[in-house]
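The values are calculated or read from the model by the stated rules, or taken from the named source; none is laboratory data. In this text, all values refer to a predicted model and were calculated from it rather than measured experimentally. All Cβ positions, glycine included, derive from the backbone under ideal geometry; neighbour counts span all protein chains shown. Calculation scope for accessible area: heavy atoms of the full protein, side chains included, ligands and nucleic acids excluded. Shrake-Rupley method; radii C 1.70, N 1.55, O 1.52, S 1.80 Å.
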Amino acid sequence: MPDLLAWYRCARLTAGAFSLLAVLGGCASLVPQTMGLRDAWPAGVAVKTELTAVPFFAQQEYQCGPAALATTLVHAGAQVTPEDLVKRVYLPGREGSLQVEMLAAPRRYSKVSYRLAPSFDDLLRELAAGNPVIVLQDIGIGPVTNWHYAVVVGFDYPAGELYLRSGETERLAIPFTIFEYTWKRGNYWAMVTMPPDRLAATAIEPDYLAAIAAMDRVGEARAAIVAYSTFLGRWPDNVAASIGLANRHYALGELKEAETLLRQVFARHPDSVAVANNLAQILSDLGRNEEALELIDRAVQPDKSPFAASVRETRAMILQRMGRDK
């Protein structure tokens with residue numbers, strides 16, 4: 001199945017499907033991650049937890065995507081209903097939702113959508129941290145494919161069960177083995193929707209920064225500031241995140257805040273052309289052109305940087321403001 005491009009038609013889980021799938025429980029090749037948990041349970045994760053406060057929205061017809069997204073978005077603090085999300089993620093002609101649209105829609109509500117690694121380890125860690133997880137399952141039987149989005153809200157490993165908000169069922173208990181079989185057929189696809197003031201439990205530095213940047217392009221400016229600041233609380237030396245935060249302050253007209261932040265970054269990374277260029281721009285905007293010109297001439301070598309064009313434009317602007325040609 002081509003990742004992020006296939007369309008997903010939602011269907012109801014049935015007792016018949018579960019009966020047929022139950023025979024798979026003893027086959028390690030069909031459920032390798034479940035078998036692996038016997039010997040390598042995620043360190044620091046309790047063996048059972050359930051997020052009982054996660055809301056439930058029963059899906060309408062094939063619209064499991066909007067229902068699943070509304071579930072996690074409301075839990076993350078958004079004011080949204082499945083009906084609000086239909087126009088953003090549901091394709092009537094396909095009777096389903098694309099994965100790429102599932103990831104894109106939360107950004108419109110200033111939430112960070114983050115795709116998890118395809119592993120039980122990540123799923124269980126997110127649940128243990130209090131984050132419900134949207135998963136993609138194929139609940140078809142045999143050659144019949146039925147794609148379905150559900151929200152995992154808990155697990156009880158001693159009992160061998162996970163708990164899902166799924167279809168029209170508020171609390172669906174499903175064995176680990178059966179869940180993995182249906183989840184594996186969707187390449188173990190899973191995602192979380194995080195408020196900007198929290199990080200996903202399994203966040204990886206470059207991937208999570210990319211998720212924040214994607215939200216920054218369409219979400220609220222203040223939410224982006226919170227998200228970048230939260231990220232920097234974990235990874236304080238990330239230059240790209242600092243530039244993203246400074247750019248958002250700059251766009252809001254908060255030049256002093258942007259200057260203070262970039263000065264701190266430049267002190268630690270004096271060879272960063274991007275930081276020097278942006279700081280020079282801010283200094284010039286504040287009317288401190290002599291200081292800006294000295295900074296950009298001293299700190300950068302435009303011809304040796306991928307930011308050469310930007311540096312030349314900034315320097316030309318500063319000179320123009322100073323009434324000098326070059």
Problem - Calculated FRET efficiency for the pair residue 207/residue 324, C-beta based, R₀ 51 Å, to 0.05 - result: 0.70
Problem - Surface accessible to a 1.4 Å probe, per residue, for the residues of the chain, Å² - result: 45 Å²
Practice task
Take the alpha carbon atoms of region 130-244, find their radius of gyration, then divide it by 2.2 N^0.38 Å using N residues; give the quotient.
Solution key: 1.31
Fill in the blank from the handout: Computed on Cα atoms, the radius of gyration and Dmax of region 172-326 in angstrom are 20.6, 74
Practice task
Please give the per residue volume of the convex hull enclosing the alpha carbon atoms of region 154-197, rounded to a whole number of Å³.
Solution key: 108 Å³
Fill in the blank from the handout: The simple spin-label model distance between residue 156 and residue 313, using points 7 Å out along Cα→Cβ, in nm, is 6.0 nm
Exercise for the section: Pop out the ³J(HN,Hα) list for region 103-116 in order, Karplus 6.51 cos²θ - 1.76 cosθ + 1.60 with θ = phi - 60°, rounded to Hz; leave Gly and Pro as x. Expected result: 6, 6, 4, x, 5, 5, 9, 6, 10, 8, 8, 9, 7, 7
Exercise for the section: Determine the calculated [θ] at 222 nm for the chain from helices alone, applying -39500 (n - 2.57) to every DSSP H run no shorter than 4 residues and normalising by the residue count; nearest 500 deg cm²/dmol. Expected result: -13500 deg cm²/dmol
Exercise for the section: Compute the signed sum of charges (Lys and Arg +1, Asp and Glu -1) over the other residues within less than 12 Å, Cβ to Cβ, of residue 56. Expected result: 0
Practice task
Could you pull out every one of the aspartates and glutamates with an alpha carbon less than 14 Å from that of residue 48, ignoring same-chain neighbours closer than 8 positions?
Solution key: 121, 126, 156, 161
Practice task
Compute the relative contact order of the chain as a whole-number percentage, counting only Cα pairs closer than 8 Å that sit 6 or more residues apart in sequence.
Solution key: 16 percent
Completion exercise
Carbon plus sulfur, as percent of the 1.4 Å-probe accessible area of region 105-255, comes to 51 percent
Exercise for the section: Hey, could you get me the Stokes-Einstein D for region 200-277, Kirkwood radius over alpha-carbon pairs, 37 °C and 0.692 mPa s, rounded to whole µm² s⁻¹? Expected result: 259 µm²/s
Completion exercise
For residue 256, the aspartates and glutamates lying under 13 Å Cα to Cα, once residues fewer than eight places off in the same chain are dropped, come out as 285
Problem - Qualifying GluC sites (Glu not before Pro) for region 89-190 [loop in DSSP, other Cβ within 10 Å: at most 16] - result: 95, 168
Completion exercise
Cα extents of region 261-326 along the principal axes, largest first, in whole Å, come to 32, 25, 15
Completion exercise
Convex hull around the C-alpha positions of the chain: the volume in Å³ per residue is 161 Å³
Fill in the blank from the handout: By the Cα gyration tensor axes a ≥ b ≥ c (a/c under 1.5 gives rounded; else a/b larger than b/c gives prolate, otherwise oblate), the shape of region 73-214 is oblate
Exercise for the section: Give me D for region 106-180 in µm² s⁻¹, whole number, from Stokes-Einstein with Rh from the Kirkwood sum over alpha-carbon pairs, 37 °C and 0.692 mPa s. Expected result: 244 µm²/s
